[in-house]
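Before any comments, here is the structure.
The values are calculated or read from the model by the stated rules, or taken from the named source; none is laboratory data. Note that the structure is a prediction, hence the values are computed from the model and not measured. A quick note on method: Cβ atoms are made from the backbone with ideal geometry, for glycine too, and the neighbour counts reach across all protein chains shown. Ligands, DNA and RNA are excluded from the accessible area calculation, which covers all protein heavy atoms including side chains. Shrake-Rupley method; radii C 1.70, N 1.55, O 1.52, S 1.80 Å.
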Amino acid sequence: MSRTHSTSRFSFILRSCAHLYAIAQARQAHAQILIHGFLPHLTLLTDLLLVYCKCGFLHDARKVFDKMTHKNMHSWNILIASYVHNSLYFDAINVFNEFRDLGFLPDHYTLPQMLKASVGIGDVYLGKRLHCWTIRLGFEGYVVVDSTVLDFYAKYGIVGDAKKVFDNMIFKDTISWNSMISGYGRAGLYEDALDCFKRMLLEGVKMDFMTIPSVLNACGGEGDLRKGKEIHCLVLKSMVFAADVAIGNSLIDMYAKCGSLLDSEKVFWNMSSLNIVTWTTMISGYGAHGKGEKSLVLFNKMKDCGIQPNSVTLTAILASCSHAGYVNEGWRIFQSIVSDYEVELTIEHYACVVDLLSRLGFLQEAFLLIRNMKLTAAPSIWGALLSGCMIHRNLEIGEIAANQLFELEPTNPSNFIALISIYESLGISHGVLLIREKMRDLGLTKIPGCSCITIDGVVHKFYGGDNSHPLALRIFETLNAVRQATVNCETT
């Protein structure tokens, strides 16, 4: 048998092993290649690199890669993609830097992987530099490259740049639409997300498993129950969508955020398959509606089903206890997080317990907990303590919490307003004047509160002190009539 024929046969075997993830057979082929002295051979080395990467043996893959005397673009891309696929983003970046040091330029296979790596490590600068390379090297118009650039901007909430990329795309597939919809959602632009979804359907693009959760998240954020129910109807028409756990979880969350807890319960109890996210979402929904007892019952039922709560579940149950005022239950769960559930305490856990203690007036206990915690107290923790001080008019601890927040969040007006509220409740006028003067010096103004209501599919927003709504006169006339009727009932 000729040498060329033998190498072709081994190449075929290795590629088959990669396709079947047959690592044992691949190792046997590797041994035979070494015995017959077929290395170094670029094709065989590339095939060996591919099979080790596909099977997840990246240490072996790196050994093969380092022995390659000549590395083509394909071999560099295989290793970079494998590191990214296994979330080894810094390893991928190190390989990319080696690649660049040798004078190579990325191609339309390299750039998408590196953009994913930039998202993985949270490096916005790297992502923007890669986008510049995309333009400079002429890879705009490649669907995979454009989609990854769009996804990069969307995941960072840089909606303006994401929209520019999206609008300039010649061909938009479902992945592109999904990225844009989820990007709007992450930025809190729920109305834009829903408008984008409408455009997607009008252009004949079919929604998939990734579209529906993003749209339901937008419905929940916007409080648009009618639109959420329409999406639910579309889900029920498809056996595949209706059985999807992630979609079911999104429906539970959407209904809870839209105030329809009964519908959340119906979805939950009708789901054929439940995962930890399902239980956590329902527990969180109960908590947000002040149904602490139901949260605790469901939490215990989850454990009885053999599902161990994770860090997010424990945050949800602690928040539920806080909203319901269940201080004993909340404190017991908090103290058992490490010992019973083998979960590391997080900032979120501390924030929930401080909120729980502070709401019920245990301000000294909450303050001591913050002082003794191993983690550095985040604004959410000091904010929970300050809110409790505002409720119970505790100036001493309130001033400590506020001063901590002034350092951590110097441009957040809410912290100044909270301290002013404490001073006003105690009649300390000079304190009020001092804080208001500080706010003026920093150029801070109070952000008006906002309430929303959906009527006939239209979301109406009302801001404190704002009379710009087209039906404002009629609304105030109705409110005055209700107030007058209430007064008449009380006097009679």
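General observations
- Scanning the stretch 220-238 for residues that are part of a loop (DSSP other than H, G, I, E, B) and exposed (fewer than 14 other Cβ atoms within 10 Å of the Cβ) gives LYS237, SER238.
- The set of residues in the stretch 406-435 that are of a type in the set (Ser, Thr, Tyr), in a helix (DSSP H, G or I) and farther than 16 Å from LEU386 by Cα contains only SER429.
- Among residues of the stretch 36-46, those that are part of a helix (DSSP H, G or I) and either open to solvent by 10 Å² or more (accessible area, probe 1.4 Å) or hydroxyl-bearing (Ser, Thr, Tyr) (or both), counted: 4
- One residue alone among VAL487, VAL482 is of a type in the set (Val, Ile, Thr), modelled with pLDDT of 75 or more and loosely packed, with under 12 Cβ neighbours inside 10 Å, and that residue is VAL482.
- Matching residues, the stretch 57-72, being open to solvent by less than 50 Å² (accessible area, probe 1.4 Å) and either touching a residue at least 12 places away in the same chain (Cβ under 8 Å) or outside any loop (DSSP other than H, G, I, E, B) (or both): LEU58, ASP60, ALA61, VAL64, PHE65, MET68, ASN72
- Enumerated helices (runs of 4 or more DSSP H) restricted to the stretch 254-365, each holding at least 3 residues that are over 30 Å from LYS227 (Cβ atoms) and open to solvent by 70 Å² or more (accessible area, probe 1.4 Å): 292-304, 327-335, 337-341
Rundown of residues vs (1) acidic (Asp, Glu); (2) under 15 Å from SER311 (Cβ atoms); (3) under 25 Å from the mean Cα position of the chain (by Cα), yes/no style:
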| residue | (1), (2), (3) |
| --- | --- |
| GLU342 | yes, yes, yes |
| ALA351 | no, yes, yes |
| SER358 | no, no, no |
| GLN364 | no, no, no |
| ASN372 | no, no, no |
| TRP382 | no, no, yes |
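- Filter result for the condition that a residue is farther than 30 Å from VAL338 by Cβ and at pLDDT 95 or above, over ILE283, ILE247: ILE247
- Candidate set: the stretch 84-116, residues that are part of a helix (DSSP H, G or I), open to solvent by 10 Å² or more (accessible area, probe 1.4 Å) and of a type in the set (Phe, Trp, Tyr); chosen: the one nearest to SER147 (Cα to Cα): TYR89
- Cβ separations smaller than 6 Å between residues 6+ apart or across chains give the following pairs from the stretch 228-240 residues that are under 13 Å from VAL215 (Cβ atoms) to residues that are not in a helix (DSSP H, G or I): GLY228/CYS258.
- Matching residues in the stretch 122-160 - criterion: being in a helix (DSSP H, G or I), open to solvent by 50 Å² or more (accessible area, probe 1.4 Å) and touching a helix residue (DSSP H, G or I) at 6+ places or on another chain (Cβ under 7 Å): VAL144, LYS155
- For the residues SER87, SER75, the requirement of being within 29 Å of the chain's Cα centre (by Cα) and either small (Gly, Ala, Ser) or at positive phi (or both) singles out SER87.
- Evaluation of VAL235 against (1) touching an Asp or Glu at 6+ places or on another chain (Cβ under 9 Å); (2) modelled with pLDDT of 95 or more (one fails), failing number: (2)
- Any chance HIS19 is at pLDDT 75 or above and open to solvent by 100 Å² or more (accessible area, probe 1.4 Å): yes
- Condition check for CYS452: open to solvent by less than 90 Å² (accessible area, probe 1.4 Å), modelled with pLDDT of 95 or more and of a type outside the set (Ser, Thr, Tyr): no
- Hits in the stretch 375-405 (condition: touching a residue at least 24 places away in the same chain (Cβ under 8 Å), of a type outside the set (A, V, I, L, M) and outside any helix (DSSP H, G or I)): ARG393, ASN394
- Taken together, ARG27, ARG15 contain a single residue that is free of Cβ contacts under 8 Å to residues at least 24 places away in the same chain and among the charged types (D, E, K, R), which is ARG27.
- Filtering the stretch 385-399 to residues that are among the aliphatic types (A, V, I, L, M), under 33 Å from the mean Cα position of the chain (by Cα) and open to solvent by 10 Å² or more (accessible area, probe 1.4 Å) leaves MET390, ILE391.
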